[in-house]
Every structure is written in C-alpha cells, then in structure tokens.
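J.: This is the structure I want to talk about, given as structure tokens.
The values are calculated or read from the model by the stated rules, or taken from the named source; none is laboratory data. Note that the structure is predicted; figures quoted are calculated from it, not measured. So basically every Cβ, Gly included, is an ideal-geometry build from the backbone, and we count neighbours across all protein chains shown.
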Amino acid sequence: MMSSRLRGIFSVLQTPLTDAGELDEAGLRREVAFNIRAGAHGLVYPVLGSEFQFLSDSERRRLVEAVVSEAAGKIPVVVGVAAPSAAAAAEHARHAAQVGADAVIALPPYLSPGTPDEVLAYYRAIALAAGRPVFVQNGSPALSPALLLRLLREVEHVHYIKEESPPSAHNISAVVSAAEPQCWGVFGGALGRWMLSEMRRGACGFMPAAEVPDVYAQVWDAFQAGDEAKARAVFNRLLPLINFEMLLGMQVCKEVLVRRGVLHSARMRTPGSVPLDGDDRRELDAILADLSPLFRV
C-alpha cells in the first residue's frame, strides 16, 4: 500500500462491454494502461461512472482484480465498495484489501438512506474490513459538512472526502476550513466541472471520467505550477465535452474511448441508456476537433 497522500487526477474507469453486451476484461485492461500512459495520477473502480450498481458481486470482484493487476503498482488504485448495507460493503472492502487496493471509496448506503449513526456504523464496517484509507463519496442525498467531519474524527481510516453534492465548492470550503487533522484531502467529482474553483478552495484532486485524463492532467499541472491562466485556457477547451457528458451520460465517455482506440464498443450496461444519434456524433466531432490537439497518447 502506498504511503504518500493521494493527489491529482484519479480517473474513474468505465466498464467496457462488447457489442453483444458481454463484459470486456481485455478492454478494461487497455483502459487502465491508456490512463497510465496519458498521465493519470490514480485510478478509481468501480463507482457510479463505472455502472457498478448494474454489476453482480462476482463481476465486481473479477474486474477489480483485473484493474489492480493491470495497474501493477504504477499508480494507486481506489476500489469502490459501496453497497446497500454495511455487511455487503464490508465484503467488498475486505476483497479490495486482499487484492492490493491502495484505498477504498463508498457512497453511503444507496437504497435506503441511513440515520447519522447508521452512516457512521456503515463506514466503520468498511474501514475495519479494508484497513486502509477510506474515501466518503458525498453525492445525493448529501451528507452535511458536520456529518462528514464526524466521520473524519470518529472513524479510523476515513481520511478523504469525494465531494460532489451541490454546491460542491462551498462544501469543500467548509471541510477544508475546519483543518481536521484526520482529513488527508478532499477530491472533487461531477466530471471536474468546477475544478478551478475547487482547487482554489483546497481540493487536492479530482475523480473525472477516464476518456481524456491527459487533458485533465494539464489543467491540474498548470494550476499546481501557479499558472492559473493556462489552467483556465485548457479547462475552457475541456468544458464543452464535460457539458456534453452531463447532457447525454457516460456513453459519451465510452464513445470517446472508442475513438481513441481504447475500447471496441460504447455499449452501456445501464438499462434505458439512449445511444448517440447522428447529430450527437457530429457535435462530438466538433468538440473533439478542438480538444484533440491536447491529447498526449
């Protein structure tokens, strides 16, 4: 397990499928290798952007093993262990630790919201099973900054927050300003659409999708080097893709990975996903024409 604190761009991997709808483990391994080559600082799998809730437990375990194996210690891997109950989440956390995850991340129980005490018990079960740093993913319904601080103070191994509950930048400020020593960092999410504001407020990293990690890394690197003007110029070229993904969903991310030669199919596991039509593809053509000069691989 890596001893340094986690920072930078941690790509949320998509779950590749074949055109026939079968899991594509070879495609997932290519996605891992692509993100490492493109300059991602870490990997996250499987979480909402990976369609984890539509995978069986055995599929989750198998694909987590593939990701950790393919990463081979080159960059850290944060394994998603969210589940409807503490017992189920603990099983995933235990497996993540056994296969060599560097950290784990979990939404709160996502079928039936718990009381604050139940949420604490849920994360205690995860932390005990994992025995390594835990990210609390704060989405919807949101956990208050006060409850996030309780988790940091009261649950061993809870050291990170992934904040994407609106207004996320304000929530990051509330947690960072508390200067809680058990908080090793707050990451932004939501495809990084507020990353400039969130970096100014103290975000130590981001968990965007996996299709353009090289561009996200350039925004991060420029800002960390003190060149906010360059960071904003690169971000402004990235923003149309983020907006398009917010509108049409993760199939856009998979389509970009297909166009970059990483995946063979943009098929989704999520029921009801609407495929891109001809006008969508033309809009994506225009977005990528402007963005692709920033690609590094």
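J.: Suppose we keep only residues that are assigned to a helix (DSSP H, G or I) and over 16 Å from the mean Cα position of the chain (by Cα) within segment 17-33. Which one would you say is nearest to Val215 (Cα to Cα)? Step through it out loud before you land on a result.
T.: As a first pass, look at segment 17-33 and keep what is assigned to a helix (DSSP H, G or I): 25-33.
Next cut, over 16 Å from the mean Cα position of the chain (by Cα) only: 25-27, 29-30, 33.
On the way: Glu25: 25, Ala26: 24, Gly27: 21, Arg29: 21, Arg30: 18, Ala33: 16 Å.
Step by step, filter segment 17-33, then rank; the result is Ala33.
J.: Restricting to segment 212-265, what's the tally of residues that are farther than 20 Å from Arg296 by Cβ and assigned to a loop (DSSP other than H, G, I, E, B)?
T.: Here the count works out to 5.
J.: Something else about it: Confirm whether Ala169 is without any contact (Cβ under 8 Å) to a residue 24 or more places away in the chain and either part of a helix (DSSP H, G or I) or surrounded by fewer than 18 Cβ atoms within 10 Å (Cβ to Cβ) (or both).
T.: no
J.: Could you list, in sequence order, the residues of segment 119-136 that are within 13 Å of Ala86 (Cβ to Cβ) and either among the small types (Gly, Ala, Ser) or free of Cβ contacts under 8 Å to residues at least 12 places away in the same chain (or both)?
T.: Scanning segment 119-136 gives Ala121, Ala125, Ala127, Ala129, Ala130.
J.: Please identify the pairs in which a residue from segment 214-232 that is in contact (Cβ under 8 Å) with a residue 60 or more places away in the chain and under 18 Å from Ser292 (Cα atoms) has its Cβ atom under 7 Å from the Cβ atom of a residue that is of a type in the set (Lys, Arg) and not in a helix (DSSP H, G or I), counting only partners at least 6 apart or on another chain.
T.: Asp214/Arg296
J.: Still on this structure: As an exercise: evaluate Phe206 against (1) crowded, with 17+ Cβ neighbours inside 10 Å; (2) over 26 Å from Glu25 (Cβ atoms); (3) without any contact (Cβ under 8 Å) to a residue 60 or more places away in the chain; (4) of a type outside the set (D, E, K, R) and give the number of the one condition it does not meet.
T.: For Phe206, the exception is condition (3).
J.: Related question: What pairs can you find where one residue is in segment 137-164 and over 15 Å from Trp184 (Cβ atoms) and touching a residue at least 40 places away in the same chain (Cβ under 8 Å), the other is crowded, with 19+ Cβ neighbours inside 10 Å and among the basic types (Lys, Arg), and their Cβ atoms are less than 7 Å apart, with a gap of 6+ or different chains?
T.: Gln137/Lys162
J.: Determine which member of the set Val119, Val104, Val99 is in contact with a Pro (Cβ under 8 Å, 6 or more places away or on another chain), aliphatic (A, V, I, L, M) and more than 18 Å from Leu48 (Cα to Cα).
T.: Every option except Val119 fails the conditions.
J.: Could you check, for segment 150-161, whether at least one of its residues is assigned to a loop (DSSP other than H, G, I, E, B), surrounded by 21 or more Cβ atoms within 10 Å (Cβ to Cβ) and modelled with pLDDT under 95?
T.: no
J.: Which condition number in (1) in contact with a helix residue (DSSP H, G or I) (Cβ under 7 Å, 6 or more places away or on another chain); (2) within 19 Å of Ala38 (Cα to Cα); (3) basic (Lys, Arg); (4) buried (at least 16 other Cβ atoms within 10 Å of the Cβ) is the one that Lys254 fails?
T.: (1)
J.: Sticking with this structure for a sec: Going residue by residue through segment 181-202, is there one that turns out to be of a type in the set (Val, Ile, Thr) and touching a residue at least 40 places away in the same chain (Cβ under 8 Å)?
T.: Among the residues of segment 181-202, not one is of a type in the set (Val, Ile, Thr) and touching a residue at least 40 places away in the same chain (Cβ under 8 Å), which makes the answer no.
J.: Is it the case, given these coordinates, that Glu70 is out of contact with any His (no Cβ under 8 Å at 6 or more places or on another chain), surrounded by 22 or more Cβ atoms within 10 Å (Cβ to Cβ) and either without any contact (Cβ under 8 Å) to a residue 40 or more places away in the chain or not aliphatic (A, V, I, L, M) (or both)?
T.: no
J.: I want to confirm something. Restricting to segment 34-54 and keeping residues that are aromatic (Phe, Trp, Tyr) and either closer than 27 Å to Gly202 by Cα or over 13 Å from the mean Cα position of the chain (by Cα) (or both), which single residue is surrounded by the most Cβ atoms within 10 Å (Cβ to Cβ)? Before the answer, list the steps.
T.: Within segment 34-54, the subset aromatic (Phe, Trp, Tyr) is 34, 45, 52, 54.
Now drop any that are not either closer than 27 Å to Gly202 by Cα or over 13 Å from the mean Cα position of the chain (by Cα) (or both), which leaves 34, 45, 54.
Values: Phe34: 22, Tyr45: 29, Phe54: 13.
The selected residue is Tyr45.
J.: Additional query: Which one of Ala229, Ala289 is farther than 19 Å from Ala210 by Cα and aliphatic (A, V, I, L, M)?
T.: Matching residue, one of Ala229, Ala289: Ala229.
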